[in-house]
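Enquirer: Have a look at this one before I ask anything.
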Amino acid sequence: MTGNERRGGHPRGRSAPIDAQAVETAQEKLINGRQERDARDLIESISNVTRIKIIRALAETPLAAGDLARVVNRTAPATSQHIRVLRECGAIESTRRGRGR
């Protein structure tokens, strides 16, 4: 008997699953390592109040960077850095448009 098995042959601290098929199905649905890293990066990127405000503001309407800075009450350079982080993680997309006259 190895150090992490009980007499029943099960690893210590774990018993046989109640529904082995359900456990197997759930394990197949888990995200893989790459998806886990992507999810972690996304969560870390949006775990900032200003970035959450930016996402919320942009969900309602497209805004120019200067107007977005005004909405979230930050400087244009600070807002630009937040936009960069959100764009890099895929949380937002940016488009360039000239002034319509």
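Enquirer: Taking the stated definitions as given, is ILE92 touching a helix residue (DSSP H, G or I) at 6+ places or on another chain (Cβ under 6 Å) and in a loop (DSSP other than H, G, I, E, B)? Before the answer, list the steps.
Expert: Working: touching a helix residue (DSSP H, G or I) at 6+ places or on another chain (Cβ under 6 Å): yes; in a loop (DSSP other than H, G, I, E, B): yes.
Against the criterion (touching a helix residue (DSSP H, G or I) at 6+ places or on another chain (Cβ under 6 Å) and in a loop (DSSP other than H, G, I, E, B)), ILE92 qualifies.
Enquirer: Same structure, new question: What number of residues within the range 59-87 satisfy the criterion of being surrounded by 13 or more Cβ atoms within 10 Å (Cβ to Cβ), in contact with a helix residue (DSSP H, G or I) (Cβ under 7 Å, 6 or more places away or on another chain) and not small (Gly, Ala, Ser)?
Expert: The qualifying residues number 10.
Enquirer: Then there is this: Would you confirm whether or not the range 22-45 contains a residue that is modelled with pLDDT of 90 or more, under 30 Å from SER94 (Cα atoms), polar (S, T, N, Q) and open to solvent by 70 Å² or more (accessible area, probe 1.4 Å)?
Expert: yes
Enquirer: Taking interchain pairs and intrachain pairs at least six residues apart, which have beta carbon atoms under 9 angstrom, with the first residue in the range 73-96 and free of Cβ contacts under 8 Å to residues at least 12 places away in the same chain and the second surrounded by fewer than 11 Cβ atoms within 10 Å (Cβ to Cβ) and not in a helix (DSSP H, G or I)?
Expert: The qualifying pairs are ARG87/GLU93.
The values are calculated or read from the model by the stated rules, or taken from the named source; none is laboratory data. Every value quoted in this text rests on a predicted model; they were computed, and no experiment measured them. Please note: Cβ atoms are built from the backbone with ideal geometry, for glycine as well, and neighbour counts cover all protein chains shown. For the accessible areas, the whole protein counts, side chains as well, though only heavy atoms, and no ligand, DNA or RNA atoms are used. Shrake-Rupley method; radii C 1.70, N 1.55, O 1.52, S 1.80 Å.
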